[in-house]
Structures are given as C-alpha cells and as structure tokens.
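Inspection log for the structure reproduced underneath, given as structure tokens.
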Amino acid sequence: MIDYFAANLWQFWSLVVIVCLILELTSGDFFILCFSIGALVTAVFSALGLGFYGQLLVFVLASLLSLLFVRPKLTNLLHGKRRERLSNADALMGRIGRVSEAIEQGGYGRVAIDGDDWKAVSADGGYIPLGQNVRVVGRESIIITVTPTPALPKGGSRDTGNGSQECQPHS
C-alpha cells in the first residue's frame, strides 16, 4: 500500500490543489491560491517521476514564486492600486442609490444600492421622495445618511467619488 502511494504522489498533490482552492474561497486574498499553484506544478512533476524530496523542493519554490509574482498581479486586478480596501458598509461612502421607500422628514426611509436595501436618513432631516437619486455621505451603524442628487442622464453614468461609476440602465 505504501508503495502505491509513493508511486502515485501526484494524486496527493492533486488533492492538495483542490483543498487549497476550496480554502481560497473563504479568504479571497489569493494567499492560499499560491499554494494551490505550487501543488499543481508539483503534481505535474510527480507524474513525470520526480522523487519525493524533489517534489517538496518544487512545491516550496513554485509556491514562493506564486506568492512573489502571481499574487500581486491578481490582487491589483481585483482591488486596483488602492492601498485601503473598503468593505461592507464603508464601501458605500460616495455611492449613488435610489430611494426605494420615501425618507420622511426627521425620519427614516430606505435606499437601494447595487441590489441591497439600506435604512437611510436625510442629511438635512428633510423629506426625500420615492425614486429620487441620493448620494451616501455618512453611516452610523447600519443606517446610511444621504443627500439628494440630480437624476442621471438617460443611459449615462457619473463618477460616484470612490473610484467606481454609477450607471443608469437603458430602458
């Protein structure tokens, strides 16, 4: 049985590839992906008959090279050149949304942004009608603070202030 495993280590490395890819889905920062790439390269060398210690060396080298060269490229592709990576509600600052439930004077309403519906208040405490475009200017816990903005041109787009574009769909 040990002879079988020693002769077919490529299967072990293939299993490492799959496990690392699954684990990468939970992290999203491409760190574990580099070990998956290292295991994939090692599986190929293992299938070609490289010895166990050679496989370990290939795994370490391929993983390090992936960390040095592949990860930075993928990280820049996903996050751009920004050092600060905003997530969750912090990424809403400056975004444009549409009022999905009228914001009452001195009260609350709801604003739809990218398919999510957020509880919202007006920055000046005024009334904002249903369908009005608004810009997110603040956040307190899960309640966003918004100000009215002019309507987007038909089929146009506008800079949202956070490096992305807000687009109005064509009707």
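Structure above, values below:
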item: Shape of region 1-112, Cα gyration tensor, a/c cut at 1.5; result: prolate
item: Under 18 Å from the Met93 label point (7 Å along Cα→beta-carbon), backbone N, region 101-132; result: 121, 123
item: Rounded to the nearest 20 debye, dipole of region 1-117 from Cβ charges on Lys, Arg, Asp, Glu; result: 480
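Values quoted throughout were computed directly from the atomic coordinates according to the rules given, and no laboratory measurement underlies them. Computed from a predicted structure; not experimentally measured. All Cβ positions, glycine included, derive from the backbone under ideal geometry; neighbour counts span all protein chains shown.
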